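Participant: My structure is below; once you've seen it, I'll send some questions.
The values are calculated or read from the model by the stated rules, or taken from the named source; none is laboratory data. None of these values were measured; they are calculated from a predicted model. Cβ sites come from the backbone with ideal geometry, for glycine too, and all protein chains shown count toward neighbours.
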Ligand SMILES: NC(=O)c1ccc[n+]([C@@H]2O[C@H](COP(=O)([O-])OP(=O)(O)OC[C@H]3O[C@@H](n4cnc5c(N)ncnc54)[C@H](O)[C@@H]3O)[C@@H](O)[C@H]2O)c1
Ligand SMILES: [Zn+2]
């Protein structure tokens, strides 16, 4: 049995990882500040605790003393605590850099300077670090990584990125880990920084470090009240109220959706692996159009919501991205992702048992518009 610290353990992915680790007889400690954007104002701390075995330390990853307390007797750290809204990161810059980059800095500061027995660190990175990710130029440039789309381009409804070398059209392909990072949002920059800080410091301190680049994770326990992130939960909350579903761009944009239980399994496998350093894509390896996702969910919710293509766009959003899973399959050959239809049914069955929240996505969109983002 090992003792594992999960920062942000009270969050969506953290709880699933916790459940799995406890079922395998590990001890779990959480360091979490119970951020109100995720947990609401009045959620009872006792209800947040999943299990008697979880030791909860309420504190921020920005506080050295909280880390000192949290790493006591710990063998491995799963560093999940972060601010996670791509759009929000474009105007709450200091908050995102303080908590995501600064918080990770404090963790490594404590690991470098205090006595501890931590031998492994898992860090939650994101597909966001790729920006548009891998494409193939239809002319003669081969595989390329397009630049983030400009505001002017989005205003013209020219949704597809272009070849950064010759300006020709490009076709998306699965993005492998060695694709050049091209972050298109402040959030993505903080994730890339977390990853690079961790790989560098892990190597220097002899602590095995694995960066997991999650695609769009969904599933039971996802925050249904956070309007800043989680397209499946936001659409679901709206569909349950038969509210119109506004789809950005032309709806043809794609994402790679991965069920949280599959992600938890990867975390467990990564914790018990013996790689000194590793960067891994974690996704389903499949691209799903946002418009198709919306119709799928509408059917599952039996909703009267209208589905409206708005042609609106957000600076920092990407057009397409899905994971190249060759490395993941090589490293963990027995792991297989759950098919999306099965995952969505599971999600809807869970969400149907939850409260319906006031839809605040218009407020979130307004916050961006006001700032011309
Ligand atoms: N959910 C996804 O689709 C996805 C995709 C890519 C990467 N990730 C990354 O995975 C990690 C976990 O994501 P999640 O979806 O579970 O997020 P979440 O928002 O559900 O959970 C984050 C948890 O961290 C806590 N937290 C936030 N700021 C904190 C701070 N300063 N100090 C201590 N605790 C703090 C929150 O209270 C919350 O419990 C994040 O690092 C996120 O960037 C998630
Ligand atoms: Zn080209």
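Participant: Could you say which residue among 172, 176 is over 30 Å from residue 352 (Cα atoms), touching a residue at least 60 places away in the same chain (Cβ under 8 Å) and within 16 Å of ligand 2 (Cβ to nearest atom)?
Facilitator: Matching residue, one of 172, 176: 172.
Participant: Here are the criteria: (1) without any contact (Cβ under 8 Å) to a residue 60 or more places away in the chain; (2) buried (at least 21 other Cβ atoms within 10 Å of the Cβ). Tell me which single one residue 116 does not satisfy.
Facilitator: (2)
Participant: Would you confirm, using the coordinates I've provided, whether residue 66 is outside any strand (DSSP E or B), touching a residue at least 24 places away in the same chain (Cβ under 8 Å), more than 21 Å from the chain's Cα centre (by Cα) and within 10 Å of ligand 1 (Cβ to nearest atom)?
Facilitator: yes
Participant: Name the residue, out of 294, 270, 264, that is closer than 25 Å to residue 234 by Cα and touching a residue at least 60 places away in the same chain (Cβ under 8 Å).
Facilitator: 264 is the lone residue from the list that is closer than 25 Å to residue 234 by Cα and touching a residue at least 60 places away in the same chain (Cβ under 8 Å).
Participant: If you don't mind, there's one more thing I want to ask. With the condition kept exactly as written, say whether any residue in segment 11-23 is within 26 Å of residue 190 (Cα to Cα), free of Cβ contacts under 8 Å to residues at least 12 places away in the same chain and assigned to a helix (DSSP H, G or I).
Facilitator: No.
Participant: Taking the criterion of being assigned by TED's automatic domain parsing to the domain that holds residue 96, within 22 Å of residue 315 (Cβ to Cβ) and in contact with a strand residue (DSSP E or B) (Cβ under 7 Å, 6 or more places away or on another chain), would at least one residue in segment 215-232 satisfy it?
Facilitator: There is at least one residue in segment 215-232 that is assigned by TED's automatic domain parsing to the domain that holds residue 96, within 22 Å of residue 315 (Cβ to Cβ) and in contact with a strand residue (DSSP E or B) (Cβ under 7 Å, 6 or more places away or on another chain).
Participant: Taking residue 217 and the conditions (1) in a loop (DSSP other than H, G, I, E, B); (2) within 19 Å of residue 82 (Cβ to Cβ), which numbered condition does it fall short on, given that it satisfies the others?
Facilitator: So the condition that residue 217 fails would be (1).
Participant: Let me ask another. How many of the residues in segment 299-342 are closer than 30 Å to residue 154 by Cβ and under 19 Å from the mean Cα position of the chain (by Cα)?
Facilitator: 13
Participant: Go through 346, 362 for me and flag whichever is more than 21 Å from residue 178 (Cβ to Cβ), outside any loop (DSSP other than H, G, I, E, B) and modelled with pLDDT of 95 or more.
Facilitator: 346
Participant: When you scan segment 72-80, do you find a residue that is away from ligand 2 (no atom under 16 Å from the Cβ), part of a loop (DSSP other than H, G, I, E, B) and within 18 Å of the chain's Cα centre (by Cα), even just one?
Facilitator: yes
Participant: Condition check: in contact with a strand residue (DSSP E or B) (Cβ under 7 Å, 6 or more places away or on another chain), more than 15 Å from residue 29 (Cβ to Cβ) and within 16 Å of ligand 2 (Cβ to nearest atom). Does residue 135 satisfy that?
Facilitator: yes
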